[in-house]
Amino acid sequence: MSTVGIIGAGHIGSTLAKGLVERGYDVVISNSRGPETLTDLVAELGPRARAATAEQAAAAGEWAVVTVPMTAIDSLPAEPLAGKIVVDTNNYYWERDGRIAALEQKQTTTSEMLQERLPDAIVVKGFNHIMSTQILTDGSAEGTPGRRALATASDSTAGIDFITELYDAFGYDTVVVGSLAESWRVERDQPAYVVRQDARELEANLVRAER
């Protein structure tokens, strides 16, 4: 299996790291405080995981996960992520990130901001509207009645195909929102946000979303 670079070792980053290791991936994980602060997490994850800087994680990964506060986007290493699929789990919390005018005024989305920072990467929204504590517990086999669905958005069909396979590996159906410009439909305070829903219910909640 491939090597994944994870930038951000908070609740979502560490949970995805665990899930990916369990599925046979090698993980290179980073945070803003330095590799030495990830010793316990890496020990828990086992021999398939190692800690690194964000630059090193981006370079090592055949694809990447970015799961950071919006205030950290401008410091992401763009060059080593060029040409790679980047799964964007980011959400905007003004209480944490401060007020970001372009988001407050609905001029852009969190995913579009990440794509602007990483112009040569393939950004795809993923795992942003499920609680981290549920990522490894709510999945089920394909065809299970009421199987939980997760939404995604990307400007690339390759990105959509990729996340669809990844979601399935974690036990989730996929519902495509559309382009990154439409990803606001699964952002905070929208009907689909952190709600357990199957594909039909998720599609209905996406329609109900209001900008």
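The values are calculated or read from the model by the stated rules, or taken from the named source; none is laboratory data. Bear in mind that the values here come from a model prediction, so they are computed numbers and not experimental data. For neighbour counting, all protein chains shown are included, and Cβ atoms are generated from backbone atoms with ideal geometry for every residue, glycine included.
Assorted remarks:
- In the set Thr71, Thr15, only one residue is outside any loop (DSSP other than H, G, I, E, B), among the polar types (S, T, N, Q) and touching a residue at least 40 places away in the same chain (Cβ under 8 Å); that residue is Thr15.
- Condition check for Ala51: farther than 20 Å from Glu112 by Cα and of a type outside the set (D, E, K, R): yes
- Helices (runs of 4 or more DSSP H) contained entirely in region 76-179, each with at least 3 residues that are farther than 27 Å from Thr53 by Cβ: 101-104, 157-170
This table checks each residue for (1) of a type in the set (Val, Ile, Thr); (2) out of contact with any strand residue (DSSP E or B) (no Cβ under 8 Å at 6 or more places or on another chain).
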| site | (1), (2) |
| --- | --- |
| Val124 | yes, no |
| Asn128 | no, no |
| Ser132 | no, yes |
| Ala141 | no, yes |
| Arg147 | no, no |
| Ser156 | no, no |
| Asp168 | no, no |
| Asp173 | no, no |
| Val176 | yes, no |
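- Ile73 being surrounded by 18 or more Cβ atoms within 10 Å (Cβ to Cβ), at pLDDT 95 or above, touching a Phe, Trp or Tyr at 6+ places or on another chain (Cβ under 8 Å) and not aromatic (Phe, Trp, Tyr): no
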